[in-house]
Amino acid sequence: MRVLFTTFAARNHAHVQVPLAWALRAAGHDVHVASHPDLAGVITRTGLTAVPVGAPLLEDETMQDLREQQEESEQAAGEEAPDAQVLLRMDELRPDRLTYDHMHGVFTAMAATVFQTYSDAAMVDDLVSYARWWRPDLVVWDPLTFGGAVAARVSGAAHARLLFGLDLVGRMRGSYLRVLADREPALREDPMAEWLGDVLARYGGEFTEDLVVGQWTVDPVPAALRIPTGLLTLDMRCVPYNGQGSVPDWLREPPSRPRVCVTLGVSHRTVMGGDQVSTADLLDAVADVDVEVVATLDAGQLGARRLPGNVRTVDFLPMDALLPTCAAIVSHGGSGTVHTAMEYGVPQITVVGDMWDNALRGRMLQRSGAGLTVDVAELTPPRLRDMLIRVVEERPFRDQATRIRRQMLGCPSPADVVPMLESLTREHRAR
């Protein structure tokens, strides 16, 4: 069968799709990956076929425009306006906070800004045109790239979301629909149905709920970090893919003391214009701890700072090569980093900010017993030092991380998921 993957132009989101895409290729299926032109090079370097659609996303410039608009709003108001990231948070789980007004506001803001940016008219038109021509049997789409669902509907393909992290959209959507059903029909405003309904109308279609949450969902998130949604879900083992890289000679030498990875990832730097975590605080925290630190920090992050004697820096090193040698990791809490650490049974410390699901993931990680978390606003070098010593020296963290690793190894691999996708796609075509 023909399978079309689609995502917006974010490298880490494309990397999540690679293991399943290659499993489908290895099973004999044709696989193409559609995204904005800025991601074409990333896709082709994975060995997959890229389909550029729409104009370049230029996400860093888009987010810079949002920050400038925020500053202008603050100046016009004469006081500090709410941070844009706070206004676009979908990680609220407390039932008493999930009121109609709150959720309606979140979906209105997300649909008008983030979702429509990632699936703008030009991108969706190109994607639909390609799907009509190539005629995929199945479309697998990133949960923030709703153009994939639209293209599937218009071309008659089955479609599924492939999660990259916690299913914040699916969880809040379920809560919103329940609250919406209790309102008078005349008061049931639905920003997602309105937006996607208008999009489908351009191609002669109408809105249905699967355009928001897929016909089914493929979930590679470790069970310890999942939030229930009640949606039809296929479990899939998280198989890390970190991009191209090589194993340096020094990594093959056993460390003389516990090795700790320190990384801030790339998402916040490329999307929000900089790291939320102070590099100086991180290095001060590890300077006098009896560990060997491997920090994936580049020259721009390090500046002219003198490195502690126990710190080695590298611009980039695949996490799936480094983490099996580590006793712990300190990170920004991004999904790819946290999931890879769990895959290798490595205890974690997450220093989290306000990006998408990082803070919620950090709290769930701490509740699992496999690590600790701290908010960037509360980070101090002494606090981080104490947390690092605990995670490295206290046995329960390692035991819980090992338990989660065993659970993950018991999940269906991407290759095991392929027959499930084949069966569901056949059922769709038979309707």
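If the segment from Met420 to Arg2 were pulled out straight at 0.36 nm per residue, it would be longer than the present Cα-Cα gap by 149.0 nm.
Scanning residues 5 or more positions from Ile349 or on other chains, those with amide H under 5 Å from its amide H are Ile329, Val330, Ser331, Leu372, with H placed 1.01 Å from N in the peptide plane.
Remark: the Trp133-Arg257 segment gains 38.9 nm on full extension, using 0.36 nm per residue and subtracting the alpha carbon distance. Sequence-ordered 3J(HN,Hα) estimates for segment 188-193 from the Karplus curve with 6.51, -1.76 and 1.60 and θ = phi - 60° stand at 8, 7, 9, x, 5, 5 Hz, glycine and proline given as x.
For a modelled paramagnetic label at Arg390, 7 Å from Cα along Cα-to-Cβ, the residues of segment 278-295 in reach, with backbone nitrogen under 17 Å, are 285-286. Note on segment 291-351: with neighbouring protein chains present and a 1.4 Å probe, carbon and sulfur make up 49 percent of its accessible heavy-atom surface.
Applying the Karplus relation 6.51 cos²θ - 1.76 cosθ + 1.60 with θ = phi - 60° to segment 359-366 yields 3J(HN,Hα) values of 5, 5, 4, x, 5, 5, 4, 5 Hz, where x marks Gly and Pro. With R₀ set to 22 Å, the beta-carbon distance separating Asp290 from Thr380 gives a calculated FRET efficiency near 0.65.
When the chain is treated as a Gaussian network with alpha carbon springs shorter than 10 Å, the biggest mean-square fluctuation among Asp198, Asp235, Asp142 belongs to Asp198. Ranked by solvent-accessible area (1.4 Å probe, protein heavy atoms only, all chains present), the residues Arg252, Arg431, Arg383 order from largest to smallest as Arg431, Arg252, Arg383. Residue by residue, segment 405-416 carries 3J(HN,Hα) couplings of 4, 5, 4, 5, 5, x, 7, x, 6, x, 5, 6 Hz when phi is fed to the Karplus relation 6.51 cos²θ - 1.76 cosθ + 1.60 (θ = phi - 60°); x denotes Gly or Pro.
Spacing of the modelled spin labels on Ala280 and Leu58, each 7 Å from Cα toward Cβ, amounts to 3.4 nm.
Amide H contacts under 5 Å for Ile227: Asp167, restricted to partners 5 or more places along the chain or on a different chain, H placed in the peptide plane at 1.01 Å from N. Between Val31 and Val3, the built amide H atoms are under 5 Å apart, and every one of these is 5 or more places off in sequence or on another chain. At a probe radius of 1.4 angstrom, the accessible area of segment 293-431 per residue rounds to 43 square angstrom. Summing +1 for each Lys or Arg and -1 for each Asp or Glu among the other residues whose beta-carbon sits under 12 angstrom from that of His159 gives -1.
With R₀ set to 35 Å, the beta-carbon distance separating Leu187 from Ala121 gives a calculated FRET efficiency near 0.75. A full extension of the chain between Arg312 and Thr113 corresponds to an added length of 67.6 nm, given 0.36 nm per residue minus the alpha carbon distance.
Residues Trp356, Trp133 ordered from highest to lowest accessible area at a 1.4 Å probe: Trp133, Trp356.
If both residues of a DSSP beta bridge must be in the chain, then about 0% of such bridges are antiparallel.
The values are calculated or read from the model by the stated rules, or taken from the named source; none is laboratory data. Predicted model only: the values in this text are computed from it and were never measured. So basically every Cβ, Gly included, is an ideal-geometry build from the backbone, and we count neighbours across all protein chains shown. Side chains are part of the model used for accessible areas, which takes the heavy atoms of the whole protein and leaves out ligands, DNA and RNA. Shrake-Rupley method; radii C 1.70, N 1.55, O 1.52, S 1.80 Å.
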